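Below: one structure, written as C-alpha cells.
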Amino acid sequence: MNTTGTASAVIELTDVRRHFGSGDRRVQAVDGVTLRVERGEVVALLGPNGAGKTTTLDMLLGLTPPSSGSVAVLGGDPEAAANSGAIAAVLQTGGLLGDLTVLETVELIASLYGRPALSRVPEVMAGADLEHLAKRRVSKCSGGEQQRVKFALAMVPDPDILVLDEPTAGMDVTARRHFWDVMRADADAGRTIVFATHYLEEAEQFARRTVVMHRGTIVADAPTASLRASLGERTVAATLPTADRDSIVARVAAITGVIGIRLDADRLSLRAADSDAAARALLEVGARDLEIAAPTLETAFTALTED
C-alpha cells in the first residue's frame, strides 16, 4: 500500500447530492451527504434498499459524478484515484470473462498495472483462497467463487482504499469467514476499508465505525459500539410460571422504562432502560430461564430507519 501524504483524510464528501431523471420522474438518490473518512479507518455503510449506499460508493469510485457538492479521494479526483489503483472496489454489478480461467483473469488485470502488480498475483490468489480454482474457467465458478475473483482483482494494485459493496454475497459461511480474516489483516496493516452490507453481524463484528443512510441522507455516524449502545435499552426474557401470567405482565409493565412487552406462550420478552429492575420483578414472581441481552446493531439500525 502506498501510504504517502500528510493528510489523514482519504475520503471527503461535502454536501453531496445526486439525482436521476427530471420533472415528475426525478429521483433524489443522495441528498446532502457530508462524510470524512480518515486513513486506516474501517467503515460500514448501512441502510435499507434505496437508501443511497450504492450511489454514494459509485461517486467515490468516479463511476458517476455528483449533481452538486464535492467528492475527493486522497485529496484529488476520484476517477484519477481509481485509474491509478489507489482506490479499488468489489461491486455487486459488473461481469467477468467466462472463457478465461481464474488465474488468467487475475493475470490479465494485473498486467494493466505493470510488473509490480503481476508480481502480486500469487499473494492475491492465496488471499482470495483461489489457488485451487486457478485452472477453472470463470463461467464454471459459483456466484460466491466469482465474488472472490472480483476481490482478487480489486487487490491486485494494492490499493490504499478498498470499497466493498455487499462483498460476501453468495459466499458460504467458510468463505465469508476467510474473507473477513483477510480484511482484518489488511485493516491492521493500515488499509482504509469502506463496505456496504446487509449482513448486520458483519458490520457489528468488523467495522469500527458505522454510518447509517436512509432516504439519501446520513441519519447516524458513530463508532459501532457506541451506536449499538445508544438506545440504552436491554432486552430481558424469561419463562413465566403457569399461574397469573396476566397479573405478572401487568406488574412488569408498570416498571418505569419498560417497553415492547411481548408474550409468546409462556415466554415473556421486553426492553428496559433498567434491566436489573425488570429482572428482579420477574424473579420475584417465580420466572425462570432469565436472559438479559445488550442492544444489537440490528436494534439500532431498525430504530434509525423505520418510518
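The values are calculated or read from the model by the stated rules, or taken from the named source; none is laboratory data. These numbers come from a predicted model, not from an experiment. Please note: Cβ atoms are built from the backbone with ideal geometry, for glycine as well, and neighbour counts cover all protein chains shown.
Out of everything in the range 166-205 that is more than 21 Å from residue 94 (Cα to Cα) and among the polar types (S, T, N, Q), what residue ends up being surrounded by the fewest Cβ atoms within 10 Å (Cβ to Cβ)?
Checked the range 166-205; the qualifying residue surrounded by the fewest Cβ atoms within 10 Å (Cβ to Cβ) is 174.
With the structure loaded, tell me whether residue 228 is charged (D, E, K, R), within 30 Å of residue 35 (Cα to Cα) and assigned by TED's automatic domain parsing to the domain that holds residue 30 or whether it fails that test.
No.
Only one residue in 221, 188, 244 is acidic (Asp, Glu) and closer than 19 Å to residue 13 by Cα. Which one?
Of 221, 188, 244, the one residue that is acidic (Asp, Glu) and closer than 19 Å to residue 13 by Cα is 221.
Here is a list: 43, 30, 10, 37. Which entry is farther than 30 Å from residue 130 by Cβ and assigned to a strand (DSSP E or B)?
Just a single option satisfies the conditions, and that option is 30.
For the range 13-23, indicate whether the set of residues that are modelled with pLDDT under 95, touching a strand residue (DSSP E or B) at 6+ places or on another chain (Cβ under 6 Å), over 19 Å from residue 213 (Cβ atoms) and surrounded by fewer than 18 Cβ atoms within 10 Å (Cβ to Cβ) is non-empty.
yes
When both residues are 6+ apart or on different chains and their Cβ atoms are under 7 Å apart, which pairs have a first residue that lies in the range 32-59 and is of a type in the set (Asp, Glu), and a second that is surrounded by fewer than 21 Cβ atoms within 10 Å (Cβ to Cβ) and assigned to a strand (DSSP E or B)?
Once the first residue is of a type in the set (Asp, Glu) and sits in the range 32-59, its partners that are surrounded by fewer than 21 Cβ atoms within 10 Å (Cβ to Cβ) and assigned to a strand (DSSP E or B) give 38/9; 41/209.
One residue is enough: does the range 251-271 have a residue meeting the conditions closer than 24 Å to residue 205 by Cα, in contact (Cβ under 8 Å) with a residue 24 or more places away in the chain and either exposed (fewer than 15 other Cβ atoms within 10 Å of the Cβ) or of a type outside the set (A, V, I, L, M, F, W, C) (or both)?
Yes; the residues of the range 251-271 include at least one that is closer than 24 Å to residue 205 by Cα, in contact (Cβ under 8 Å) with a residue 24 or more places away in the chain and either exposed (fewer than 15 other Cβ atoms within 10 Å of the Cβ) or of a type outside the set (A, V, I, L, M, F, W, C) (or both).
Report, by residue number, each residue of the range 99-120 that is buried (at least 17 other Cβ atoms within 10 Å of the Cβ), of a type outside the set (A, V, I, L, M, F, W, C) and farther than 20 Å from residue 141 by Cα.
Within the range 99-120, just 120 meets the criteria.
Tell me whether the range 157-171 contains one or more residues that are under 18 Å from the mean Cα position of the chain (by Cα) and either in a helix (DSSP H, G or I) or not assigned by TED's automatic domain parsing to the domain that holds residue 106 (or both). Walk me through it before giving the result.
Of all residues in the range 157-171, those under 18 Å from the mean Cα position of the chain (by Cα) come to 161-171.
Next cut, either in a helix (DSSP H, G or I) or not assigned by TED's automatic domain parsing to the domain that holds residue 106 (or both) only: none.
No, there is no match, as no residue in the range 157-171 is under 18 Å from the mean Cα position of the chain (by Cα) and either in a helix (DSSP H, G or I) or not assigned by TED's automatic domain parsing to the domain that holds residue 106 (or both).
Mind listing whichever residues of the range 175-196 are free of Cβ contacts under 8 Å to residues at least 40 places away in the same chain and of a type in the set (Lys, Arg)?
Scanning the range 175-196 gives 176, 177, 184.
For the range 24-62: of the residues being at pLDDT 90 or above and of a type in the set (Asp, Glu), which is nearest to residue 12 (Cα to Cα)?
38
In the range 210-246, what residues are part of a strand (DSSP E or B), touching a helix residue (DSSP H, G or I) at 6+ places or on another chain (Cβ under 6 Å) and modelled with pLDDT of 90 or more?
Passing the criteria: 210, 212, 213, 214, 219, 220, 236, 238.
Do we find that residue 2 is within 28 Å of residue 200 (Cα to Cα) and at pLDDT below 95 in this structure?
Details: within 28 Å of residue 200 (Cα to Cα): no; at pLDDT below 95: yes.
Taking the combined requirement at face value, the residue does not satisfy it.
Look through 166, 233, 131, 204 and report the one residue that is among the acidic types (Asp, Glu) and on the phi > 0 side of the Ramachandran plot.
Values: 233 fails: on the phi > 0 side of the Ramachandran plot; 131 fails: on the phi > 0 side of the Ramachandran plot; 204 fails: on the phi > 0 side of the Ramachandran plot.
Unique residue meeting the criteria: 166.
Would you point out the residue of the range 275-290, among those that are within 10 Å of residue 236 (Cα to Cα) and surrounded by 12 or more Cβ atoms within 10 Å (Cβ to Cβ), that is farthest from the chain's Cα centre (by Cα)?
Among residues in the range 275-290 that are within 10 Å of residue 236 (Cα to Cα) and surrounded by 12 or more Cβ atoms within 10 Å (Cβ to Cβ), the one farthest from the chain's Cα centre (by Cα) is 282.
When residues of the range 73-83 are filtered for being outside any helix (DSSP H, G or I) and in contact with a Leu (Cβ under 8 Å, 6 or more places away or on another chain), how many remain?
The qualifying residues number 1.
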